[in-house]
Amino acid sequence: MNQPGIELREVVKRHGSTVAVDHLSFSVRRGEFFSILGPSGSGKTTTLRLIAGFEHPDQGDILIDGQSLRDVPPNLRPVNMVFQHYALFPHLTVSGNIAFGLEMRGIVRAEIRSRVSTALDMVRLAGMGDRLPAQLSGGEQQRVALARALVNRPAVLLLDEPLGALDQQLRQEMQVELKTIQEQVGLTFICVTHHQEEALTMSDRVAVMDHGRVLQVGAPQEIYTAPASLFVAEFIGLSNRLDGRIAAVEGTRCRIEAPGLPIIQADAPAGAGPGRAVSVVLRPERLHMSQQAAPNGFDNVVPARVAKAVYNGHEMQYQLRIDERLLWTVRVPNADGGQKRFLPGDTVSVRWNADESVVLAQ
Amino acid sequence: MKGPAWRRRGLLAASLGNLFFLYLPIAVLIVYSFNAAKLAMTWQGFSLQWYAALARDHALIVACQNSVLIALVSTGVATLLGVSAAIGLERLPWRLRAWLDGALLLPLVIPEIMMGVALLLFFVLIKLPLGLLTVTIGHAAFNLPVVMVIVRARLRKLDPQLEEAARDLGATPWQAFRRVTLPLLMPAIVGAALLAFTVSLDDFVVTFFTAGPGATTLPLKVYSMIKTGISPEINALSAMLVVASMGLVALSLAVQRRRIFTH
């Protein structure tokens, strides 16, 4: 890793008797779009507030370009934040809001004016500078909040659930826009979200957090296809799970026994030995359905009964009853429109190859 | 409002009845201040003579000056202390806040006459001669909780993240207060000050106990005039006080109701 933009070292933050952030360490490269993904209460917002300087670590340190932020108050940190509910100043116009940070730094009026107008252009709000925040829509307010932070050219831009208050369609537009702006300005973004799709689409790297700890850091694809733990696998995307025990390891492959099911072939996890309790995680779009029982070249075949068939426009979503405990979801894209559908009550076989599953320790 | 017609009419009648009950005496007072008669209770034509008489009454003008001076200074003091207390209290841990809250709001509920007696005893005890100063202190004391309650209501509605946002954008704590919190509190502060000014202008009880010989205010003056018989001059004076007070209270409400900047 080259010179890190920002680095957290063993940061601990307690709120009363609960540990909000627990020996947290990660670093974010300069110019990177980094997301912290986790359920509510995982400590991700606290992490952001620690970086912004609104809270102080009980232990550990936060460094920007090698400089400790330990005794630096929020107003002197090279960091700006986009707040979850925007926290726009209601008594100032859009331009007044955006100019605020520049005025605080004593930048000359002419430069403020030109930088504010550049920022307005960047977030596509040119001509709206004289409005008050209350006169803007949610999406527009969001862009003002972004411009207000970006105009200061911070070393790190912090975003707290930046799209959380927007409706679904606007949210998807803004995901793309946010990523485009980030690439344009080349700043380091740290984005906190509980929305996994948001994290996957925008980020260069994602950190998955739970209970104040980072569980896995990696590129979106890595997090999705090679989750390091069951929590990560189940938190990100839909997954089907099969609990069993390793029966044998043969080279890079292993065989897994699960009660009532045929032997399952899978890639062997690192350090796996016979007898180990594991979970096989299967993504719904990696499973194949057929009316024939023959393996047809697949490593694994499991019989099932269709419990539910849901038409989603672009795909069919099937719920398959494997046995009385297991209910799996399979997604089949409606690519050719006329693809034959399975009906509830049909007996089918579910097939997949060994390398299409992930085996994780329980 | 929906519902059967008889119900709506009933509500209207009740509201009008209430308004009559509240405002009829005041209306009578104001009407009779324009009465040409020397004796208050018979109508003998329209006249402004009693208002003219007021303007020639030197003692009355002095009382008026005292009232305005006391109201101005006590309002200033109460506003400054009340706003500071409101902001300070919001930042305390809640247990301490609950205690101080009760203590600071007590003057709103204890009988005014007790407050008057207590202040009188206190001033005597510390040997502060009664006069304009003691009245002003007394008014500031009962106005402080008034200001505090109004300002705190507004403060509660402010998004605490606004101040954080200001800090994040490079403002020192003082700059964040000056540029963000204070402007957003301003309608409440102005409204509270206007109300405090009115309460001070109209106060009788506390003034009565804390005023020395030279510190007669308008309400005290009215009271002493009544003792020598009700003259139409009192009607005129009272009418002016009523109109001024109602105007100030209306202004105070209008300022407070100005668009509240909250999400």
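The table for this structure:
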item: A:Arg148 vs. criteria assigned to a helix (DSSP H, G or I) and more than 14 Å from chain B (Cβ to nearest Cβ); result: no
item: Enumerated helices (runs of 4 or more DSSP H) restricted to segment B:120-215, each holding at least 1 residues that are in contact (Cβ under 8 Å) with a residue 60 or more places away in the chain, more than 30 Å from A:Leu88 (Cα to Cα) and not small (Gly, Ala, Ser); result: B:132-157, B:182-202, B:205-210
item: From A:Ser40, A:Ser25, residue being assigned by TED's automatic domain parsing to the domain that holds A:Leu158, of a type in the set (Gly, Ala, Ser), more than 16 Å from the chain's Cα centre (by Cα) and surrounded by fewer than 16 Cβ atoms within 10 Å (Cβ to Cβ); result: A:Ser25
item: Residues (over 14 Å from A:Ala155 (Cβ atoms) and touching a Pro at 6+ places or on another chain (Cβ under 7 Å)) located in segment A:51-77; result: A:Phe54
item: Matching option when the condition is of a type in the set (A, V, I, L, M, F, W, C), under 23 Å from A:Glu173 (Cα atoms) and in the same structural domain as A:Ile181 (by TED's automatic domain parsing), among A:Ala147, A:Ala110, A:Ala52, A:Ala99; result: A:Ala147
item: Qualifying residue in segment A:305-312 (condition: within 29 Å of the chain's Cα centre (by Cα), modelled with pLDDT under 90, surrounded by 17 or more Cβ atoms within 10 Å (Cβ to Cβ) and part of a loop (DSSP other than H, G, I, E, B)); result: no
item: Qualifying residue in segment A:217-238 (condition: over 13 Å from the mean Cα position of the chain (by Cα), touching a residue at least 60 places away in the same chain (Cβ under 8 Å) and surrounded by 21 or more Cβ atoms within 10 Å (Cβ to Cβ)); result: no
item: Residue in segment B:72-84 that is assigned to a helix (DSSP H, G or I) and either among the charged types (D, E, K, R) or farther than 17 Å from B:Ser200 by Cβ (or both) present; result: yes
item: Check on A:Ala126, out of contact with any Pro (no Cβ under 8 Å at 6 or more places or on another chain), without any contact (Cβ under 8 Å) to a residue 12 or more places away in the chain and assigned by TED's automatic domain parsing to the domain that holds A:Gly41; result: yes
item: Filtered residues of segment B:245-259 (kept if crowded, with 16+ Cβ neighbours inside 10 Å and modelled with pLDDT of 85 or more); result: B:Leu248, B:Val249, B:Leu251
item: Residues of segment B:172-193 classified as within 13 Å of chain A (Cβ to nearest Cβ) and surrounded by fewer than 23 Cβ atoms within 10 Å (Cβ to Cβ), total; result: 14
item: Residue tally, condition within 21 Å of the chain's Cα centre (by Cα) and either at pLDDT 90 or above or closer than 19 Å to B:Met240 by Cβ (or both), over segment B:14-24; result: 1
item: Set A:Arg245, A:Arg213, A:Arg253: member being closer than 19 Å to A:Ser42 by Cα and among the basic types (Lys, Arg); result: A:Arg213
item: Condition broken by A:Gln317, with the remaining ones in (1) touching a Ser or Thr at 6+ places or on another chain (Cβ under 9 Å); (2) closer than 29 Å to A:Glu250 by Cα satisfied; result: (2)
item: B:Leu144 facing chain A (nearest Cβ under 10 Å) and touching a helix residue (DSSP H, G or I) at 6+ places or on another chain (Cβ under 9 Å); result: no
item: Some residue of segment A:274-289 being at negative phi, of a type in the set (S, T, N, Q), surrounded by fewer than 16 Cβ atoms within 10 Å (Cβ to Cβ) and out of contact with any Pro (no Cβ under 8 Å at 6 or more places or on another chain); result: no
item: So A:Val151, is it among the aliphatic types (A, V, I, L, M), in contact with a helix residue (DSSP H, G or I) (Cβ under 6 Å, 6 or more places away or on another chain) and more than 27 Å from B:Leu182 (Cα to Cα); result: no
item: So A:Phe100, is it within 14 Å of chain B (Cβ to nearest Cβ), more than 27 Å from A:Ala199 (Cβ to Cβ), assigned to a helix (DSSP H, G or I) and in contact with a helix residue (DSSP H, G or I) (Cβ under 9 Å, 6 or more places away or on another chain); result: yes
item: Filtered residues of segment A:58-94 (kept if under 22 Å from A:Ser35 (Cβ atoms), away from every other protein chain (no Cβ under 13 Å) and surrounded by 20 or more Cβ atoms within 10 Å (Cβ to Cβ)); result: A:Ile62, A:Ile64, A:Leu69
item: Residues that are farther than 20 Å from A:Arg351 by Cβ and touching a helix residue (DSSP H, G or I) at 6+ places or on another chain (Cβ under 9 Å), drawn from segment A:234-251; result: A:Phe235, A:Ile236, A:Gly237
item: Options A:Val156, A:Val116: the member that is closer than 25 Å to A:Gln196 by Cα and within 14 Å of chain B (Cβ to nearest Cβ); result: A:Val156
item: For A:Ile190: the one exception among (1) outside any helix (DSSP H, G or I); (2) out of contact with any Ser or Thr (no Cβ under 6 Å at 6 or more places or on another chain); (3) in the same structural domain as A:Arg321 (by TED's automatic domain parsing); result: (3)
item: For B:Asp168: the one exception among (1) away from every other protein chain (no Cβ under 14 Å); (2) acidic (Asp, Glu); (3) closer than 28 Å to A:Val144 by Cα; result: (1)
item: Qualifying residue in segment B:223-236 (condition: surrounded by 17 or more Cβ atoms within 10 Å (Cβ to Cβ) and part of a loop (DSSP other than H, G, I, E, B)); result: no
item: Count of segment A:250-273 residues which are surrounded by 12 or more Cβ atoms within 10 Å (Cβ to Cβ) and assigned to a strand (DSSP E or B); result: 9
item: From the options A:Ile263, A:Ile223, A:Ile181, A:Ile246, residue that is in the same structural domain as A:Leu163 (by TED's automatic domain parsing) and touching a strand residue (DSSP E or B) at 6+ places or on another chain (Cβ under 6 Å); result: A:Ile223
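The values are calculated or read from the model by the stated rules, or taken from the named source; none is laboratory data. Since the structure is predicted, the reported quantities are computational estimates derived from the model, not experimental observations. With ideal geometry, Cβ positions are generated from the backbone for all residues, glycine too; neighbour counts draw on all protein chains shown.
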